[in-house]
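A.B. asks: One structure follows; several queries about it will come next.
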Amino acid sequence: MNTMATKSPAEVSKFSNAAPFALSLALIPLVIIAATQGGWTIALIPLYGWGMFSILDAFVGLDKENADLETSEQELFWYRAITMLWLPIQLAVIYGTMAYALNAEHLSTREVIWLFFGVGVVTGAIGINYSHELMHQKNKLERWLADLLLASVLYSHFRSEHLLNHHRYVGTPKDPVTARYNEGFHRFFFRVLKECPQTAWEAETKLLARKSLPATSFKNPFWRYSALQLMFLVIAFLVGGWLGVGLFVFQAFVAIWQLELVNYIEHYGLTRKHLGDGKYEHVKPRHSWNAAQKASNWLLINLQRHSDHHYKPDRRFPLLQTYDTDEAPQLPHGYPVMTIAAMIPPLFRRIMNPRVRAWRKQYYPEITDWMPYKTASNPMPR
């Protein structure tokens, strides 16, 4: 049972409590500074996301308060506004930076490329994260905003894969996005780039088949995904020609890399108990890594409370609960530090493998044979 301190609905609804979750907006002036000044200022964008919030996490500490689950939609107005206003901001960042940078004589080719690396950090760490929040909502406008944000980084299929496959199969060999024990990030990254579009397509076509509709039906969202992605590529061409298209694709790749870094650490090595006949136990908070670092949860709108997100996927981010170690495994650091570590597989394994083994002993001491959790390409050790 969750015994964390609870914030009342009146307290949650205060603008002052919602405001820290808008710290992502500070990235916009950093992009402007980087574009207009060039040089070392381009490094300010990733340094803000990775460096500053890693430092803030160390000083600000953990957030062990939970919002009252009786808090109404109306009392979450300011939180919802943060995610719903992001689309025009992101499009202005992408295309505004493109139009300026391609005509800026003070920026070298190398500087323009690094600038769009920074843009990709913004569209990945913030934009895809916000789309993740929006796609889980029942409101059609929010779901459309999610689709547009994902199309702007050429990763539209993520919605289908995430909603239809990941949440259903997380912690099992059927989920490509659950990183296997001992699987390094680079292997994971190229595996999910290959597997996830295919599994997303299969999930959507199965839904259509149940309605006696062919895969080519216009009710297949892949038509919408393709049209929206093509639209953004055309806009990139109109703004910057083929160089604009190249920069657009580059920022999209960086954004996707950011997303999959996060996906990698969220479930690394965790599995649901196999019940036999291909069945697994229901998803519980223990099947995702939890991180209570306050500052990085501000930046990432509580994405690090991932244990609760999978346990109750329909909860809006201000209502996501955090857990103690008796209910959910804990990351030693917030996502900024952990994603950096993930880029160095030996370091990441040194940090996380002992924690995975401790998790197995804590939650599943009765399991001595982990072979039912293997995949054909990546067997898990006994």
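The values are calculated or read from the model by the stated rules, or taken from the named source; none is laboratory data. In this text, all values refer to a predicted model and were calculated from it rather than measured experimentally. A quick note on method: Cβ atoms are made from the backbone with ideal geometry, for glycine too, and the neighbour counts reach across all protein chains shown. In case anyone asks, the SASA skips ligands and DNA or RNA and just uses the protein heavy atoms, side chains included. Shrake-Rupley method; radii C 1.70, N 1.55, O 1.52, S 1.80 Å.
So that you can scan it fast, the table gives a plain yes or no per residue for (1) within 19 Å of Leu115 (Cβ to Cβ); (2) under 24 Å from the mean Cα position of the chain (by Cα); (3) open to solvent by 50 Å² or more (accessible area, probe 1.4 Å):
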position	(1), (2), (3)
Gly240	yes, no, no
Phe250	yes, yes, yes
Ile256	yes, yes, no
Val262	no, yes, no
Leu270	no, yes, no
Lys273	no, no, yes
Gly276	no, no, no
Gln293	no, yes, no
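A.B. asks: Counting just the residues of segment 149-186 that are among the hydrophobic types (A, V, I, L, M, F, W, C) and in contact with a Cys (Cβ under 9 Å, 6 or more places away or on another chain), which one comes out farthest from Pro346 (Cα to Cα)?
C.D. replies: Among those residues, the one meeting the criterion is Phe158.
A.B. asks: Looking at (1) open to solvent by 10 Å² or more (accessible area, probe 1.4 Å); (2) at pLDDT 95 or above; (3) more than 14 Å from His132 (Cβ to Cβ); (4) not basic (Lys, Arg), can you tell me which one His157 breaks?
C.D. replies: (3)
A.B. asks: Additional query: When Leu208 is evaluated against the numbered criteria (1) surrounded by 15 or more Cβ atoms within 10 Å (Cβ to Cβ); (2) more than 26 Å from the chain's Cα centre (by Cα); (3) under 21 Å from Leu154 (Cβ atoms), which criterion, by number, is the only one it fails?
C.D. replies: (3)
A.B. asks: For segment 211-238, which positions are surrounded by 14 or more Cβ atoms within 10 Å (Cβ to Cβ) and aliphatic (A, V, I, L, M)?
C.D. replies: Leu213, Leu228, Leu233, Ile235, Ala236
A.B. asks: Can you tell me which condition Pro379 does not meet? The list is (1) open to solvent by 20 Å² or more (accessible area, probe 1.4 Å); (2) at pLDDT 70 or above, and all the others hold.
C.D. replies: Condition not satisfied by Pro379: (2).
A.B. asks: Taking only pairs six or more apart or across chains, which ones have beta-carbon atoms under 9 Å, a first residue in segment 196-214 that is without any contact (Cβ under 8 Å) to a residue 60 or more places away in the chain, and a second residue that is assigned to a helix (DSSP H, G or I) and open to solvent by 100 Å² or more (accessible area, probe 1.4 Å)?
C.D. replies: Note: pairs meeting the criteria are Ala203/Arg168.
Results for (1) surrounded by 20 or more Cβ atoms within 10 Å (Cβ to Cβ); (2) farther than 22 Å from Leu230 by Cβ, shown as yes or no for each residue.
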{"site": "Leu91", "(1), (2)": "no, no"}
{"site": "Glu111", "(1), (2)": "no, yes"}
{"site": "Trp114", "(1), (2)": "no, yes"}
{"site": "Val121", "(1), (2)": "yes, yes"}
{"site": "Leu134", "(1), (2)": "yes, no"}
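A.B. asks: I'm told Ala203 meets every condition in (1) touching a Leu at 6+ places or on another chain (Cβ under 7 Å); (2) loosely packed, with under 14 Cβ neighbours inside 10 Å; (3) within 26 Å of Gly171 (Cα to Cα) except one. Can you identify the failing condition by its number?
C.D. replies: Condition not satisfied by Ala203: (2).
A.B. asks: Any idea which of Met98, Met135 is more than 23 Å from Pro221 (Cβ to Cβ) and either within 17 Å of the chain's Cα centre (by Cα) or at pLDDT 95 or above (or both)?
C.D. replies: Unique residue meeting the criteria: Met98.
A.B. asks: Something else: Residues of segment 44-76 being open to solvent by 50 Å² or more (accessible area, probe 1.4 Å) and among the charged types (D, E, K, R), which ones?
C.D. replies: Correct list: Lys64, Glu65, Glu70, Glu73, Glu75.
A.B. asks: Can you confirm whether segment 186-197 contains a residue that is of a type in the set (A, V, I, L, M) and open to solvent by 20 Å² or more (accessible area, probe 1.4 Å)?
C.D. replies: yes
A.B. asks: Quick one: in segment 156-198, of everything that is among the small types (Gly, Ala, Ser) and either in a helix (DSSP H, G or I) or under 16 Å from the mean Cα position of the chain (by Cα) (or both), which residue is nearest to Ser288 (Cα to Cα)?
C.D. replies: Selected residue: Ala179.
A.B. asks: Name the residues in segment 320-352 that are assigned to a helix (DSSP H, G or I) and open to solvent by less than 20 Å² (accessible area, probe 1.4 Å), would you?
C.D. replies: Tyr335, Pro336, Met338, Thr339, Ala341, Ala342, Phe348, Met352
A.B. asks: Sticking with this structure for a sec: Do you know which of the residues in segment 116-151 that are in contact with a Pro (Cβ under 7 Å, 6 or more places away or on another chain) and either assigned to a helix (DSSP H, G or I) or of a type in the set (Lys, Arg) (or both) is nearest to Asn302 (Cα to Cα)?
C.D. replies: Filtering first and then ranking leaves Val121.
A.B. asks: When segment 1-57 is examined, which residues are found to be in contact with a strand residue (DSSP E or B) (Cβ under 6 Å, 6 or more places away or on another chain) and not aliphatic (A, V, I, L, M)?
C.D. replies: Thr6, Lys7, Asp57 - these are the residues of segment 1-57 that are in contact with a strand residue (DSSP E or B) (Cβ under 6 Å, 6 or more places away or on another chain) and not aliphatic (A, V, I, L, M).
A.B. asks: Can you say whether Lys194 is more than 26 Å from His309 (Cα to Cα) and of a type in the set (D, E, K, R), as far as the supplied structure shows?
C.D. replies: no
A.B. asks: When residues of segment 199-221 are filtered for being touching a Ser or Thr at 6+ places or on another chain (Cβ under 8 Å) and part of a helix (DSSP H, G or I), how many remain?
C.D. replies: Residues in segment 199-221 being touching a Ser or Thr at 6+ places or on another chain (Cβ under 8 Å) and part of a helix (DSSP H, G or I): 6 in total.
A.B. asks: For Leu141, are the conditions met, namely being surrounded by fewer than 20 Cβ atoms within 10 Å (Cβ to Cβ), in contact (Cβ under 8 Å) with a residue 60 or more places away in the chain and hydrophobic (A, V, I, L, M, F, W, C)?
C.D. replies: no
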